[in-house]
Amino acid sequence: MAAGVPPDALGRRVSCGTDYGTVRYVGSVSQTTGIWLGVEWDDPQRGKHDGSYEGTQYFKCRHPKGGSFIRPNKANFGVDFLSAVKDRYGLNDKQDVQYGTGNTVVFGTKTVEFVGMDSVAEQQRQLNKLVDISVRECAVSHAGQEEEISRTCANMRHINLSKNLISSWETVIAIASQVQKLETLNVSENKMRFPSTSTFISSAFSNLKTLALNQTEITWTEVLLCAQGWPVLEELYLSSNNITVLERPDTVLQTLRLLDLSDNQLLDGNQLHLIAQLPRLEQLILRNTGISSIHFPDAGFGCKTKMFPSLKRLAINDNKISQWSSINELDKLPSLRALQCNNNPFMDTEKNPETLIQLIIAKISQLEVLNNCEILPAERRGAELDYRKIFGKDWLEAGGHWNPEKNKPSEEFLAAHPRYPALCLKYGAPEEGELKGQQPLTLKNQLLTLTIKCPEKPEQKPVEKKLPESMTIQKVKGLLYRLLKIPGSELKLSYESSKLEGKEVELDNDLKPLQFYSIESGDCVLVRW
C-alpha cells in the first residue's frame, strides 16, 4: 500500500475540505502515474463520474456523477477518539500549558471550564472530570490504543460523536466498551457498516439509555440485530435512514420509551402494527414517513386497542393522511394524551382552523395537548357540545333517537362518528326541536340572548342582552363595565348552561369569542369582581 494510505482504506470514510465520502477504490488509473483513491461522495455534486474513467469501470456509485478520483494526500482518514477530545477541549500536548489556558465548553445545557493546566497530571485530572463530551465534526475515525480511553476519561456518560469519519459499528463498540458509565451516545451522520448477521453481543452498551443513529443508513433488520446489546435503552432516534419496512422486535427494545422514525418513507401504515407490542413505548415520532392511513383492526367502534398500550405522545405531522377515519382510530389508543398532526391532507377539508381543532378534540376523548397547545377543559366541553350539535341532524337521519329503545344509528354513521354515542351519554342526546334551524356555532354574528347576573350584588336585577357569538370576552367585559356601572376593577366572568344545571364554566380567555365556550341563548352570564 502506498505511503499515506491505510492498509484498510477500502470502505473507509474520508473527508476532503468540507466534503465527506467513502473510499471505493485504491490503486492505479490508466494513463496516469501513482496511486489514486476512488471516492463516492455523500453529495453527488462533488463528484464527476460513476466510477469509470476512459472506458474502464474502477468502482460503482449510486449516483451517475457521485464519484471522483483524488490523491491520497488530499484525503483525511481521521484521528483517534482521545486525540479529538484533547484537541476539542484544549488539552493536547502541542499547546503551551505551562502558563495555563482558559477554556469554556458548552455541551447541551452544561458548561465545563478548564483553567490553568500546567502539568500532564493536571491534564489527566481535567480529562477525568469530563462527563459530557462533544467531538462533533472532529474527524474521529477509530478508537485508538486499547484501554487508553478508559484510563484517561473514566467518568464520561454522554458522548456526541456525530458527523465524523466512523466507518463501522465495530468502531463505535471499540470506543463505547471503554466507557463504563455511558448513558447517552449520538453517532448520527456517520454512514457506516452494521453487522448483517447475529454476532457476539458486546456489553459496551449495558448502561446506555439514549442512542441517536440518524442518517447512518442503518436498516430496521440491522437495528434489531444490534439491539441485542442495548438491554436498557429508553430512547432511539432513527430519522433519515431509508427504513421502509419494519419487523416485530420480539425479544429486543422492550425497555424503549421513545422511538423516532421520522423522515423514513415507510411502505404503509400497517408497518406500525409490527412495533405495536412494545410494552413501554410512550412517544412515537412518525413525522414525514409517507403514511396515508392508520388503522387498529383489533378494536371496534368506541373500544380501545391492545396495540401501543403505553403510547402517550404521537407525532404524525407532514404525512399523507387524507381521511378523518384515521383520526377516529386514534381514539382507540388507551393512553394517548398528546398529538401532532399538522400538514396532512385531511386538514384541508375544513377551511376554518378553529373548527378543525374542535373536530380533532371532539374525536379523541383523552387528548390533552394538540399540536403543542394545551386543551383546556372549557375548550374540550365547547368542542364536544359543538360536535354533538353540528352532526345531530345526521345522527337523527341515520336512525338516532333520544329514546334509548328507538336509538339505532346506522353502521355508516358510527364509522364516521364513533364517539357520538359517548357524547350523547355525556351531554344527553340531541332532540329534534333543539336542532331545528340551528346553524353551526362557528358561523359569525349569530345573536345570543343571555341573562346577566351579579351574584355579589343580589339587589341588582338580572339584565337580558343580545350579543353576537363572535364577540370576544374582552369586549363583553367592556360592555359590562358600562352597563353595570362597575368601578375600574378586574371582572371575572363565568356562565351557567340552561341545560346543565349546577355546572359553572369560567370565561377565562379574553381573546376568545363567546362561541368558543359554546354559550347558547338562554344561558346565564355571572359577573364577579
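The figures follow:
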{"item": "Residue check for Arg381: in contact (Cβ under 8 Å) with a residue 40 or more places away in the chain and open to solvent by 20 Å² or more (accessible area, probe 1.4 Å)", "result": "yes"}
{"item": "Neighbours by Cβ (under 7 Å, 6+ apart or cross-chain): first from segment 145-162, within 9 Å of Leu130 (Cβ to Cβ); second of a type in the set (A, V, I, L, M, F, W, C) and open to solvent by 10 Å² or more (accessible area, probe 1.4 Å)", "result": "Asn155/Val131; Met156/Val131"}
{"item": "Residues that are open to solvent by less than 50 Å² (accessible area, probe 1.4 Å), touching a Ser or Thr at 6+ places or on another chain (Cβ under 7 Å) and either farther than 20 Å from Glu222 by Cβ or of a type in the set (Gly, Ala, Ser) (or both), drawn from segment 247-280", "result": "Ser262, Gly269"}
{"item": "Subset of segment 218-271 [part of a strand (DSSP E or B), farther than 21 Å from Lys306 by Cα and not charged (D, E, K, R)]", "result": "Leu236, Tyr237"}
{"item": "Residues of segment 179-228 satisfying the condition of being open to solvent by 70 Å² or more (accessible area, probe 1.4 Å), among the charged types (D, E, K, R) and within 21 Å of the chain's Cα centre (by Cα)", "result": "Lys209"}
{"item": "Top-ranked residue in segment 110-133 [being of a type in the set (D, E, K, R) and modelled with pLDDT under 80; ranked as least open to solvent (accessible area, probe 1.4 Å)]", "result": "Glu122"}
{"item": "Single condition Glu350 does not satisfy, out of (1) acidic (Asp, Glu); (2) surrounded by 20 or more Cβ atoms within 10 Å (Cβ to Cβ); (3) in the same structural domain as Asn319 (by the TED database)", "result": "(2)"}
{"item": "Check on Asn372, out of contact with any Cys (no Cβ under 6 Å at 6 or more places or on another chain), over 19 Å from Thr355 (Cβ atoms) and in the same structural domain as Lys304 (by the TED database)", "result": "yes"}
{"item": "Residue in segment 79-97 that is at pLDDT below 90, of a type in the set (S, T, N, Q) and open to solvent by 70 Å² or more (accessible area, probe 1.4 Å) present", "result": "yes"}
{"item": "Condition met for Thr33 (of a type in the set (Val, Ile, Thr) and open to solvent by 70 Å² or more (accessible area, probe 1.4 Å))", "result": "yes"}
{"item": "Pairs, first closer than 16 Å to Arg287 by Cα in segment 324-340, second open to solvent by less than 30 Å² (accessible area, probe 1.4 Å) and in a strand (DSSP E or B), C-beta under 6 Å, six or more apart", "result": "Leu339/Leu314; Leu339/Leu370; Gln340/Ala315"}
{"item": "Of residues in segment 36-60 being within 33 Å of the chain's Cα centre (by Cα) and of a type in the set (D, E, K, R), the one least open to solvent (accessible area, probe 1.4 Å)", "result": "Glu40"}
{"item": "Residue tally, condition part of a helix (DSSP H, G or I) and either buried (at least 21 other Cβ atoms within 10 Å of the Cβ) or among the β-branched types (Val, Ile, Thr) (or both), over segment 141-178", "result": "8"}
{"item": "Residue list for segment 272-282, filter: within 18 Å of the chain's Cα centre (by Cα) and not in a loop (DSSP other than H, G, I, E, B)", "result": "Leu272, Ile275"}
{"item": "Residues of segment 404-416 classified as open to solvent by less than 100 Å² (accessible area, probe 1.4 Å) and either farther than 17 Å from Lys389 by Cα or part of a helix (DSSP H, G or I) (or both), total", "result": "5"}
{"item": "Qualifying positions in segment 459-476 - under 42 Å from the mean Cα position of the chain (by Cα) and either open to solvent by 20 Å² or more (accessible area, probe 1.4 Å) or on the phi > 0 side of the Ramachandran plot (or both)", "result": "Pro468, Ser470, Met471, Thr472, Gln474, Lys475"}
{"item": "Segment 479-517, subset at pLDDT below 80 and under 24 Å from Lys389 (Cβ atoms), residue most open to solvent (accessible area, probe 1.4 Å)", "result": "Glu501"}
{"item": "Of all residues making up segment 321-359, the number that are over 22 Å from Thr305 (Cβ atoms) and of a type in the set (Lys, Arg)", "result": "1"}
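The values are calculated or read from the model by the stated rules, or taken from the named source; none is laboratory data. Since the structure is predicted, the reported quantities are computational estimates derived from the model, not experimental observations. Cβ atoms come from the backbone with ideal geometry, glycine included; neighbour counts cover every protein chain shown. All accessible areas refer to the heavy atoms of the entire protein, side chains included, with ligands and DNA or RNA removed. Shrake-Rupley method; radii C 1.70, N 1.55, O 1.52, S 1.80 Å.
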